[in-house]
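What follows is a set of notes on a single structure, which appears directly below.
The values are calculated or read from the model by the stated rules, or taken from the named source; none is laboratory data. Keep in mind that what you see is a predicted model, and the values were worked out from it rather than measured. Using ideal geometry, Cβ is built from the backbone for each residue, glycine included, and neighbour counts are taken over all protein chains shown.
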Amino acid sequence: MLGHSKRSASRRDEVPDSILRSVGFLSFFDRFATPPMLLVLAERTDLSLGQAVELVAAYALLYAVGQPVWGLISDRFGRITVLRTALVGVLLGAVASTLVSAYIPLLLARAFTGLMVGALYPTLLTLLGDTRTGILRAKGLSDLQIYSSLGTTGATLAAGTLAALLDWRLVFALPAVGCLVLLVALRRVGPGSSRTGRVDFRSAFAGAPLGVYGLAVMEGAVLMGALTYIVPALQQAGSGVSLAGILAAGYGVGVIAGARLMRLLVQLYNHTRLIAIGGMVLVSAFAASSLWQLPATLTVTAVLIGVSNAVLHSSMQGWVTEVAPQARATTVSLFACALFLGSSVAAYGTAGLAEDGRYETIFALSFGISIVLTVAATAGHAVWKRRQA
């Protein structure tokens, strides 16, 4: 009788895969909904294009800055506590974003929303790290990539069109509805799954984790920072808002295809080789678009960034869940912090280039950084793995 009671409580404490995938979809939809409507925001508000880009940068910056705090809270008070708190925060931030249109209030609303959204995906990664190992963990990350990419694809396809044909506020309102649904669904989940064992926070600041964080800064700059400019670059190349969204959605197609490919690759190659393969795909992504600003080359860039996200980024995510297991949530959150710090720095640093329409320069810089990232990540993981043996 007691054993049956414990099993029932354990099942109640588990977060269903459907909720994990839905949270992944929601977080990526919100993260990628603003870039496709940058030009619409600049046209229909008092914002300049540079200020519209800064909305994305502020979102990414607060997403990054909040990571260490979320990681400490998650390791101390539990994963589900963080998940519920963040969903309430995203709900409030999304509503606030629909009520203001002036630069400073909207900047603050998007920054707050970024802070709250920042807790979602790292918590999902931590839950997978807590409950799965080896190939099962890799496949779980791959599945999460698919649903997250669907959120990205949905945002890329719909955000610009909804903003152009209806109202940009609708794009910010949709995540609020999703948060309400998820908060209701989480009422059935108990608190037990949110607790962890002994936590050693110092392990999150050892040499190997610090090296991974450094790689994440570069990864954020090229994987996420450059992706912000795909739709504006397509529009400058002559594509309309809707067509630009459709072409840029090749990123989501690339992630889905790459995630399916990754399920096969993890059975054929070790982790180091997977990082090398994903890095080479990323280098290829920026090769053409750094030379030619054509719809075809930009679409290829979007697709290959997606494939690299599924292979390189998921491999980096798997690495960070293993590098300091005694403080997994803190380590994952610091990794996400570094990732979005890189994205934010890239966005702020290239806002002037975007204002001048110099997208080829942005992609050329991304090409160079991606080469350095590929070499450093591959060599770094190989050295770390030898030391673990």
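Of the set (1) within 18 Å of residue 50 (Cβ to Cβ); (2) modelled with pLDDT under 85; (3) not small (Gly, Ala, Ser), all apply to residue 365 but (2). Going by the structure shown, is residue 199 among the hydrophobic types (A, V, I, L, M, F, W, C), at pLDDT below 85, assigned to a helix (DSSP H, G or I) and over 17 Å from residue 381 (Cα atoms)? When the stated conditions are applied, residue 199 does not pass them.
Put simply, of 76, 31 the only residue that is more than 19 Å from the chain's Cα centre (by Cα) and charged (D, E, K, R) is 76. Of note, residue 304 does not satisfy the criterion of being outside any helix (DSSP H, G or I), in contact (Cβ under 8 Å) with a residue 24 or more places away in the chain and over 17 Å from residue 208 (Cβ atoms). Residue count for segment 162-189 satisfying the condition of being touching a residue at least 60 places away in the same chain (Cβ under 8 Å) and among the basic types (Lys, Arg): 2.
For residue 330, the stated conditions do not hold, so it cannot be described as among the β-branched types (Val, Ile, Thr), surrounded by fewer than 23 Cβ atoms within 10 Å (Cβ to Cβ), touching a residue at least 24 places away in the same chain (Cβ under 8 Å) and out of contact with any strand residue (DSSP E or B) (no Cβ under 6 Å at 6 or more places or on another chain).
The residues listed here are 363, 367, 335, 286; of these, the one that is aromatic (Phe, Trp, Tyr), assigned to a helix (DSSP H, G or I), in contact with a Phe, Trp or Tyr (Cβ under 7 Å, 6 or more places away or on another chain) and closer than 21 Å to residue 119 by Cβ is 335.
Looking for something of a type in the set (Lys, Arg) and part of a helix (DSSP H, G or I) - is there at least one such residue anywhere in segment 377-385? Looking for residues that are of a type in the set (Lys, Arg) and part of a helix (DSSP H, G or I), one finds at least one in segment 377-385, hence yes.
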